[in-house]
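We did not get these values from a lab; they are worked out from the coordinates using the rules stated. Here the structure is a predicted model, which is why all the values come from computation and not from measurement. Cβ: placed from backbone, ideal geometry, glycine included. Neighbour counts: every protein chain shown.
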Amino acid sequence: MILKYCDKFKHEANGETYWQGDGTMEYETALEFMAHTAFGFCGCGEPEKTLPVIKNYFNMLYQWESRLENNKKKKITWDDIVKECFSGRDDLAYITAYALHNAHLTTHGGSVNYSWLTDLGQDILHDLNALMGKEQ
């Protein structure tokens, strides 16, 4: 499996595979590495539990962006994203949208609730889909 983001930081030594970013911290899995480096989560708690939500959100943003590029009929709205990804909680959707924009994984024009993925965000989405499966 080829990963667009994580493979840039993959190391192998003494038969062990690990991921290491700019710091000295080593991570045992690509998902753990991604949670801490791409999203900037601390090591306490279970940051990997957020990844399915982020993956679902990114896939919906990608579908919305693809629809615009390909002039498809199916329209995905902010309300669809809030309902599908955040159980109808627009406050959680906004927190997520702002945080991922701040991490340079999305960008937007007039409103954060109609963001699109940056190149880095697209690489992260590729890796999330590869590691976790395309479907939620």
Q) Can you pull out the residues in region 21-68 that are among the β-branched types (Val, Ile, Thr), more than 19 Å from Tyr94 (Cα to Cα) and buried (at least 17 other Cβ atoms within 10 Å of the Cβ)? A) Thr37
Q: Name every residue in region 1-21 that is touching a helix residue (DSSP H, G or I) at 6+ places or on another chain (Cβ under 7 Å) and aromatic (Phe, Trp, Tyr), in order of residue number.
A: Tyr5, Phe9, Trp19
Q) part of a helix (DSSP H, G or I) and without any contact (Cβ under 8 Å) to a residue 40 or more places away in the chain - does that describe any residue in region 10-18? A) no
